[in-house]
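Input: a single structure, listed below in structure tokens.
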Amino acid sequence: MNREILNQEWMNLAPAWIKEAREGTNANRTGLLDKPMLETCGNVDGLRVVDCGCGEGRFCRLLVQGGAAYVLGLDLCTAMIEAARDLQAERDEYRVADVQDLSFLGDGTFDLAVSYLNQCDLPDFDANNREVFRVLKPGGRFVVANLHPMLSAVGAWHRAEDGAKLHVIVDRYFEETERDWRIMGVEVTNFHRSLSTYVRSFLKAGFEITDIIEPTVTDEQVKVYPQLEDELRVPNFIIYVLSKRRT
Ligand SMILES: C[S@@+](CC[C@H](N)C(=O)[O-])C[C@H]1O[C@@H](n2cnc3c(N)ncnc32)[C@H](O)[C@@H]1O
């Protein structure tokens with residue numbers, strides 16, 4: 001599937017996506033992923049950060065609030081970037097760009113890179129890894145949140161006759177091809193890859209893997225976000241924490 005068609009899907013989804021992000025009603029983000037993502041990014045005070053596939057800029061704004069000196073949000077979808085610019089403050093900037101080609105950015109110019117649920121959207125995520133490695137300073141880090149490979153393979157529950165969730169179906173795991181999803185009623189294409197394919201790509205790009213997190217929830221969190229109950233049983237997401245070794 002070519003880049004224009006993939007981008008059109010995000011253009012179709014953008015209005016509903018932006019509305020939901022602005023209302024803060026996406027439990028996967030506010031109740032599950034934001035906390036470990038921010039904790040993993042750590043103290044961003046004074047850092048230069050690039051966010052690959054920033055969407056409407058939500059996480060960029062959180063990093064600015066955390067003290068980042070400069071946050072560059074990149075996204076291929078014009079509607080997302082226009083929305084991000086609507087809320088742009090002084091230390092964040094947004095640009096329409098394909099994160100598989102960062103040739104407009106210099107070598108070793110960022111302290112931290114973030115990819116918050118973007119690599120599963122990329123036909124060539126290897127290229128994104130290579131490019132992020134290049135633009136990071138020695139000692140820089142890349143924090144990648146992605147769909148868990150177990151979920152991106154099929155992403156469905158096997159249910160009992162009464163509809164009760166019995167277990168998640170894992171199948172076609174080694175078939176690394178496109179998967180069709182419906183998000184808020186809009187068709188979106190993702191790319192499924194196995195865990196080892198991701199890990200090997202990070203290593204091949206030159207990264208060290210310093211941590212892997214499978215975010216889950218506590219019973220207390222489920223009381224606040226009942227829609228996250230499944231996260232007690234199976235991980236929907238994974239966070240890879242990568243670093244570029246100082247020479
Ligand atoms: C699942 S959304 C995540 C958005 C944002 N990071 C967030 O967490 O709200 C994926 C984003 O990746 C963007 N995207 C898809 N392919 C891209 C590409 N090749 N280069 C840059 N952005 C891309 C989409 O337009 C979309 O905004």
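Every read-out reported here was derived from the displayed coordinates using simple, explicitly stated rules and does not represent laboratory data. Keep in mind the model is a prediction, meaning the values are calculated, not measured. Here the Cβ is made from the backbone with ideal geometry for all residues, glycine too, and neighbour counts use every protein chain on show.
Give me the percent of DSSP beta bridges within the chain that run antiparallel, rounded to the nearest 5. Beta bridges within the chain, antiparallel portion: roughly 50 percent.
Tell me the GluC sites (Glu not before Pro) within region 184-245 that lie in a loop according to DSSP and have at most 10 other beta-carbon atoms within 10 Å.
On the way: sites: GLU187, GLU208, GLU220, GLU229, GLU231; in loops: none.
Answer by residue number: there is no such site.
Sequence-ordered 3J(HN,Hα) estimates for region 147-159 from the Karplus curve with 6.51, -1.76 and 1.60 and θ = phi - 60° stand at 4, 5, x, 5, 7, 5, 5, 10, x, 9, 8, 8, 10 Hz, glycine and proline given as x.
Couplings 3J(HN,Hα) of region 184-189, computed from phi: 6, x, 10, 5, 9, 9 Hz, in residue order, whole Hz [Karplus 6.51 cos²θ - 1.76 cosθ + 1.60, θ = phi - 60°; x for Gly and Pro]. Once the Cα-Cα distance is subtracted from the 0.36 nm per residue extended length, the LYS35 to ARG182 segment shows a gain of 50.3 nm. Less than 5 angstrom separates the built amide H of GLY73 from those of ASP51, GLU93, TYR94, ARG95, all sequence-distant by 5 or more or on a different chain. Using the Kirkwood radius over C-alpha pairs as Rh, can you work out the diffusion coefficient of region 161-234 via Stokes-Einstein at 37 °C, viscosity 0.692 mPa s, in µm² per second? In µm²/s, the coefficient is 207.
Compute the helix-to-body angle for 125-135: its Cα long axis versus the longest principal axis of the chain, expressed 0 to 90° and rounded to tens. So the inclination is approximately 30 degrees. Between VAL154 and LEU203, the FRET efficiency from the beta-carbon distance, with R0 = 30 Å, is close to 0.70. Placing pseudo-labels 7 Å out from each Cα toward the beta carbon at ASP171 and GLU23 gives an inter-label distance of 3.4 nm. Within the shell defined by Cβ-Cβ distances under 14 Å, the residues around ALA14 carry a net charge of -4, with Lys and Arg each +1 and Asp and Glu each -1.
Convex hull volume of the Cα atoms of the chain, normalised per residue: 129 Å³.
Each 10 Å bin from 0 upward holds the following percent of the Cα-Cα pairs of region 21-96: 20, 52, 28, 0.
Between VAL222 and ARG246, the simple spin-label model (points 7 angstrom out along Cα→Cβ) gives 4.4 nm. Sorting the segments 34-41, 238-245, 156-163, 68-75 by their residues' average number of neighbouring beta-carbon atoms within 10 angstrom, most packed first, yields 68-75, 238-245, 34-41, 156-163.
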